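Structure, as structure tokens:
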Amino acid sequence: MTENTRKLLIVDDEPGIRRQLKWAFDGVDVQLAEDRKSAIAKQTENPSSVVLLDLGLPPNQDGPSEGLATLKAIMEKTPHVKVIVMTGQTERDYALKSIALGAYDFYAKPLDLDQVTLIVERAFRLYELEEENRRLQAEQQGTGALPGLLTNSPAMKEVCTSITRFARADVAVLIIGESGTGKELLARAVHSQSGRAEGPFVAINCAAIPENLLESELFGYEKGAFTGAHRTTPGKIEQASQGTLFLDEIGDLPMALQAKLLRFLQERMVERVGGRREIPVDIRVVSATNKDVETMVAEQSFREDLYFRLGEAVVSVPPLRERPEDKVLIAQNFLDSWLGEQGLPAMRFSANALAAISQFDWPGNVRELQNRVKRAAVSADDSLIETADLGLDAKQAAEATLYTLKEARQRAEAQAINNALLHADGNVTKAAKLLGVSRPTLYQLMREHHQKIEPSKDDVTAN
Ligand SMILES: Nc1ncnc2c1ncn2[C@@H]1O[C@H](COP(=O)(O)OP(=O)(O)OP(=O)(O)O)[C@@H](O)[C@H]1O
Ligand SMILES: [Mg+2]
């Protein structure tokens, strides 16, 4: 996006200030408004990405009510807009209230044009970054990506490509990955991308059902097969007929049932418990486990022949800590969609909170990330989620002790660089200043830590 497409709306009742500000933003497409009505009209007709908003607007120049109402209306119409609130009053309350209503930043008058232009410039850059992110996501959604799955990780994109390919082939897919990595999401994708998408998707969790019930759950039972079997009931395998059966936590399947499941997979016939006839069933099986099945096979706690039947195609899902591109992406998207579902107003993460999210190892993977974001959203005082709200620090510290000193040093260095770059909006010159090193040194360090190096336009001019 180039500078000349940037649009800024300035809302102030004083003509002098409007003129001064318009003059300061040479090269930006500036619109001016003097009260709530004209501001909303301008933002509706030709939306700006950044708004400078004075809180004291007519007819209540001395209070914040008109400004806050304008802010609320603008956020509702254009939720991604970056609003910078200008307060004539020094009261912090209004500033905080504005942030709670979704404002990006606030600025206390009197005007210092240098400062205001800097804040506005940062707001534009953040808006453009987010816009680019949204665009990439929309694009990804249309091409090859799986429904409901967000990723920018090359490893995970490979997983998605394999899933799509296997889905069409009607082979048995075994999905292996740590808890919370998205195994069920991928299993559902196998179904929805397959020729059986119109058929049922039936899931059964082998770890959650007691051994003595699991057999009748899977294979069904005839009336009178055991006490309590009042009527003939088809099992999950039959229910999945013409569709997909998802066997979750397959590593917990008891030995006796492993033999019975194998027989079904070879013959494609089920015999209900207490039944005497075999019923042909046409299903596709997808299974998942967070256990190391290969070791289980070696230790003979999982049948090798069953392992090969279930894993005609095997997919390994990388844990979240090996997908640095995904942490913030999933956190931000989950926050937005969860708040939307709950009917709650928009919130955002502070730069420090984002840094913490990207540094944390997430042993519980996406599920843990979602839970912590939810809790943080509930516990935050206003619309800004801080690091403390995520409750990560103690855990992170406990984990840090597991590293060698050399690893710890390297991690700390990488984190400091990451933080500085986040604070400086990716501007290497500013980040170097924050870190107290020269720009070439920082480039060298970024190379060593495999950080993406994208010299920004600002960098070049700042030199
Ligand atoms: N890449 C992703 N993008 C968006 N949401 C995701 C992604 N991966 C996982 N999720 C979400 O995270 C949660 C956990 O995923 P899922 O249940 O598929 O994991 P799992 O590997 O089956 O976990 P468990 O081992 O705990 O059963 C779900 O709400 C899922 O929708
Ligand atoms: Mg699961």
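A few notes on this one:
- Residue among Trp23, Met156, Gly364 farthest towards the positive dipole end of the chain, charges placed on Cβ: Met156
- Helix-only [θ]222 nm of the chain, DSSP H runs n ≥ 4, -39500 (n - 2.57) each, per residue, nearest 500: -15500 deg cm²/dmol
- Each residue of segment 295-303 was assigned a 3J(HN,Hα) from its phi angle through the Karplus curve 6.51 cos²θ - 1.76 cosθ + 1.60 (θ = phi - 60°); the sequence is 5, 4, 5, 4, 8, 6, 9, 9, 5 Hz, with glycine and proline shown as x.
- Rounded to 5, percent antiparallel among DSSP beta bridges of the chain: 10 percent
- Cβ-based net charge around Ser179, under 12 Å, with every Lys or Arg adding one and every Asp or Glu removing one: -2
- Normalised convex hull volume, the chain, alpha-carbon set, Å³ per residue: 195 Å³
- For Lys430, the aspartates and glutamates whose Cα falls under 15 Å of its own Cα, not counting residues fewer than eight places away in the same chain, are Glu121, Glu454, Asp458, Asp459.
- Segments 343-356, 315-328 sorted - mean Cβ within 10 Å per residue, highest first: 315-328, 343-356
- Mean sequence separation of contacting Cα pairs (under 8 Å, at least six apart), scaled by the length of segment 154-318, corresponds to a relative contact order of 35 percent.
- Summed side-chain charge close to Val285 - residues other than Val285 whose Cβ falls under 10 Å, Lys, Arg +1, Asp, Glu -1: +1
- Built amide H within the under 5 Å cut-off of Gly220, gap 5+: Gly235, Lys236, Val273
- Built amide H within the under 5 Å cut-off of Thr87, gap 5+: Tyr107, Ala108, Lys109
- Among the listed pairs Lys183/Lys291; Lys37/Lys77; Lys236/Lys374; Lys7/Lys82, those beyond 22 Å (Cα-Cα): Lys236/Lys374
- The chain, relative contact order [Cα under 8 Å, separation at least 6], %: 12 percent
- Contour minus Cα-Cα distance for Arg268 and Asp292 (0.36 nm per residue): 6.0 nm
- For segment 211-315, diffusion coefficient by Stokes-Einstein and Kirkwood Rh (Cα), 20 °C, 1.002 mPa s, µm²/s: 149 µm²/s
- Charge sum, other residues only, whose C-beta stays under 11 Å from Ile40's C-beta, Lys/Arg counted +1 and Asp/Glu -1: +2
- Cα centroid separation, segment 262-311 to segment 1-79 (Å): 65 Å
- Of all aspartates and glutamates in the structure, those lying under 12 Å Cα to Cα from Lys157, and not within fewer than 8 positions of it along the same chain, are Glu325, Asp326.
Computed from the coordinates by the stated procedures, all read-outs in this text should not be read as laboratory data. Here the structure is a predicted model, which means the values were calculated and not measured. All Cβ positions, glycine included, derive from the backbone under ideal geometry; neighbour counts span all protein chains shown.
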